[in-house]
Amino acid sequence: MSKIESFLKSYNQLDEFLRGKLKCDMSVSHSKLLTQMSKTDLVFSNLETKLQAYRALRNAIVHVHSEGETPIAVPNDEVVEDYQRIVNYAIKPPLAIDSIAIKNILTVEWTSSIKEVHEIMFNKGLSLIPIVKEERMVGIFSSWHLQKYLIDNNLNVHHNTKLSDLYVYLNIERPLNNLHAEFRIDFQKITANIDDIIRCYTDSALAGHYFKAVYLTQNGNPLEKIEGVITPHCLPTINPNLLNKTLAR
């Protein structure tokens, strides 16, 4: 397969995907498909400029090139491979659990003291930490929860105070939104992709909430075993390194 044929194959794959996704016929241009998709899809929004550039290259190839003539443009190997990576990524964004999630999750138990938990969080640079029982999350501790506890208890806390003493504040079954309207965590299925995770954060930001973390469990149930976590520091930009990693999997 020639470079031109490989490039056009990627273009046609993307074009077919967009028309199916947006339910558009051939009367709608590829350029408009990309623009329309970018308005609702964060992956395409990040990639639109480059995809539009490759659309223009495709047009230069097919609109000018005819049988027996020298094409006005021929994509080099790097361009062909880059376009293939981008198209593969756009059509099927990688799973968060395989690409950006933290799998080695630090956890504590109800019997842990506030002092030791704070030491763990300080040493590891954590802003919150899950409380687990038999591998299931049963609570969550953060500096905000401690502040709320201190305020409610006249700034009185002992060095041997246990997390269980803060049960009413930390119990995961008590909606966190009732404690602090701007404090949010979320749970997603283990099959969530990067686009799903980015959408959690952007939707929360648009609503004016401070989103702390997305936890991945088998079915997105808070009471299931935690398989991974994504914090704001994990969020990727769509870049060649991640695309290369995606293609290699």
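What follows draws every value from the coordinates through simple rules; no lab data is involved. The model shown is predicted, which means the values in this text are computed figures rather than measured ones. All Cβ positions, even for glycine, are placed from backbone atoms using ideal geometry, and neighbour counts span all protein chains on display.
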Segment 105-138 and segment 4-28: distance between their alpha carbon centers, rounded to Å: 48
Electrostatic dipole magnitude of the chain [Cβ: Lys, Arg +1; Asp, Glu -1; Cα centre; debye, to 20]: 220
Unit charges at the beta carbon, dipole of the chain: most positive-side option, 185, 42, 26: 185
Residues 26, 121 arranged by fewest to most Cβ contacts within 10 Å: 26, 121
Degrees separating the helix 42-64 axis from the principal Cα axis of the chain, which is the longest one: 10
For segment 2-72, projected area of the alpha-carbon convex hull averaged over all directions, nm²: 5.1
Debye, to nearest 20: dipole size of segment 20-60, +1 on Lys, Arg Cβ, -1 on Asp, Glu Cβ: 40
Beta bridges by DSSP in the chain, antiparallel share as percent, to the nearest 5: 65
Which labelled figure in (1) -0.24; (2) -0.36; (3) -0.20 is log10 I(q)/I(0) by the Debye sum over Cα atoms at q = 0.07 Å⁻¹, once derived from the coordinates: (2)
Linear extension gain, residue 26 paired with residue 150, 0.36 nm per residue minus alpha-carbon span: 38.3 nm
Size of charge dipole - segment 3-92 - debye, nearest 20, with Cβ of Lys, Arg +1 and Asp, Glu -1, no other charges: 440
Relative contact order of the chain, defined on C-alpha pairs under 8 angstrom at six or more residues apart (%): 20
Full-extension gain in nm, residue 115 to residue 235, via 0.36 nm per residue minus C-alpha separation: 40.2 nm
